[in-house]
1. Extending each Cα 7 Å along its Cβ direction at A:E291 and B:K256, get the distance between those two points in nm, one decimal.
2. What residues in the stretch A:221-249 lose 20 Å² or more of accessible surface when the other protein chains are added to their chain alone (1.4 Å probe)?
3. Determine the dipole magnitude for the stretch B:100-216: charges of +1 sit on the beta-carbon of Lys and Arg, -1 on that of Asp and Glu, nothing else is charged, the reference point is the Cα centre, and the result goes in debye to the nearest 20.
4. Among the trypsin sites (Lys or Arg not before Pro) in the stretch B:158-225, which ones are in a DSSP loop with at most 16 other Cβ atoms within 10 Å of the Cβ? Mind listing them?
5. Using alpha-carbon pairs under 8 Å, 6+ residues apart, how would you state the relative contact order of chain A in percent?
6. Within the set of other residues whose C-beta is less than 14 Å from the C-beta of A:G155, count the net charge using Lys and Arg as +1 and Asp and Glu as -1.
7. Mind checking which aspartates and glutamates have their C-alpha under 18 Å from B:K154, skipping anything on the same chain fewer than 8 residues away?
8. Summing +1 for each Lys or Arg and -1 for each Asp or Glu, what net charge is found among the other residues whose Cβ lies under 13 Å from the Cβ of B:N240?
Amino acid sequence: MHATQSQQYAAKIASRRATSEPVWVRYGLITLTVAFLTLFLLVPLAAVFTEALRKGWSVYIAAIFEADALSAMWLTLIAAAIAVPLNLVFGVAAAWAIAKFDFKGKHFLITLIDLPFAVSPVIAGLIYVLMFGLQGWFGEWLIDHDIKVIFAVPGIVLATIFVTFPFVARELIPLMQAQGKEEEEAALVLGASGLKMLWHVTLPNVKWGLIYGVILTNARAMGEFGAVSVVSGHIRGLTNTMPLHVEILYNEYNYAAAFAVASLLTLLALVTLVLKTYVEWQAARSAVRNEEGVIAS
Amino acid sequence: MRLYSSGLLWLVLWHGLSVQAADLLNASYDVSREFYKELNPAFIQYWKEKTGETIAINQSHGGSSKQARAVVDGLEADVITMNRSADIDILADKAKLIPANWQSRLPNNSVATASPTVFLVRKGNPKHIKEWEDLVRSGVEVIIANPKTSGNGKYSYLAAWGSVTQKGGSAASAQQFVTNLFKHVPVLDAGGRGATTTFAQRALGDVLVTFENEVQLIQQEFGEDKFEAVYPSITVLAENPVALVDKVVDKKGTRKAAQAYLDFHFSAQGQAIAAKHYLRPQVVDTHTTFKKVNTFTVKQAFGSWADAEKTHFNDGGIFDQIVQK
């Protein structure tokens, strides 16, 4: 990188300014932050695993391989396996339309995509009860055709899709907007087909943002409690997802088993965190590489 | 990609098909889990011996009003087992899933088991709580489930009210007493199990007002040496009715098994299992010794659940008035 003299100078000033506070202020703030993080993040995290293993490994293993727990995991995986690819396709399509084209109602569309963030998950669940419930709009018709939506797997999948709707699109829109559409235009001028352009130009450019969005979608899909709770019907072994199963176990005084299943969800969160950090690091590297490319040319 | 999506389809189908037509679903209230964990296997075995059919019984538990609401909204429960008849009445009123006379279809007004509302105090009874009046002494904190959302809370409230009126007190003095009582309640949990957790796990309050069967279960779970049951001289008897959900069983073709399952509740074996879980059997004498307690039913003290509901728990009813004060 060929930074200019003035850039180096500016960087020096900035770095000195950041550390110009008295020593006690700096260490005081660091201690405060570490204490806060320990109290609110590390201690609860440790508590989940201590509680889970309180009665030993055999109880832990038994709780995880219990039939209802396995079926809860299975259902959680199915819900995520359907919700994530659908929202991936939708998110790319929406971000593409919003970032690369101008049309009427664009801001309205963005607001609409954000709606699941603004709506409480309980409301998200109730929307489906109002639509597909026996007393709802399509209730009679669904009963006549013997289609089960709520209190069954489809309802859980729908609720999961709803609450994870914005993640991919929200991640991609600013990225695509920043990149502009020159590269795509160049590809088209050089004779690439639309699909070829998507595959070789657009997607590689937003690769890390996309993966980041998918990771977030997946984490939320597996962890969602509120919306899924409303449409689940809580039939053990059939319509309980992992978070719902944790609640049931806890209410049955089965604390060790509840925390055992909770620890799996916590592990999932930790894996998500590691993946997320890795993706952010990769994204930053590819951004730097792009910058270098621009400067070199 | 094609492999992935066909695999996924297969998974969903497999999951969907694993729900067999012969399976029964029992939508029940919050604190009946332990009872059904024992009753269901017993019935499954009985049914297999009798008919050769293997069935499975699925359970769904939650606050009773919430569960009733779910069935009204389309949760396909073959049977509904609640802790008060009002939560089954709404299946007839709101959704026409069952006939209005559902209570007359089974013995004893469809009430298989019952449990009086009693007190649980900490070991040694440090606050010397023996009677309803003791709950409103200064410095006593009482844990009760929210009467707006749980049957357990409604019974506790009505028990307190009836403890005055059944002894000849006026409605005005009953209201005075209940108003005073709820001033001693620091938190209102949404369901009976939540109130238990608050009292036993979080160690809040001096006395928990809940069903006798829950009180016994707490002592079993948390140890006899931590708590003591206290029986007031008069209290309400919480009756646990069961009902067949006609529309669902006719659609699923499960009427025979579902009916037999309900009948099993009233059989000697079913009643004995109930007694084991501290639910008082109502139709068969199982020779289990339950503490003698002077009780009244909601019907005796308040006319009917519908009346009690209207006067006390509906929006703007007496409960709303006393908690606003």
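The values are calculated or read from the model by the stated rules, or taken from the named source; none is laboratory data. What you are looking at is a predicted structure, and each value in this text was computed from that prediction instead of being measured. Heads up, the Cβs are rebuilt from the backbone with ideal geometry, glycines too, and the neighbour counts pull from every protein chain shown. With ligands, DNA and RNA removed, areas are computed over all heavy atoms of the protein, side chains included. Shrake-Rupley method; radii C 1.70, N 1.55, O 1.52, S 1.80 Å.
1. Those two pseudo-labels are separated by 7.6 nm.
2. Checking the loss per residue gives A:G233, A:H234, A:I235, A:R236, A:L238.
3. Numbers: 12 positive and 8 negative charges, 20 e Å.
It works out to roughly 100 debye.
4. Numbers: sites: B:K167, B:K183, B:R193, B:R202; in loops: B:K167, B:K183, B:R202.
Here the trypsin sites (Lys or Arg not before Pro) that fit, given the DSSP loop and packing criteria, are B:K167, B:K183, B:R202.
5. Working: 313 pairs, mean separation 85.0, N = 297.
Reported relative contact order: 29 percent.
6. Values: positive: A:K148; negative: A:E224, B:D73, B:E76.
Result for the neighbourhood of A:G155: -2.
7. Counting by Cα, and skipping residues close in sequence, B:K154 has these aspartates and glutamates nearby: B:D30, B:D87, B:D89, B:D189, B:E212, B:E214, B:E239, B:D307, B:E309, B:D315, B:D320.
8. Details: positive: B:R84, B:R280; negative: B:D30, B:D87, B:E212, B:E214, B:E239.
So the surrounding residues net to -3.
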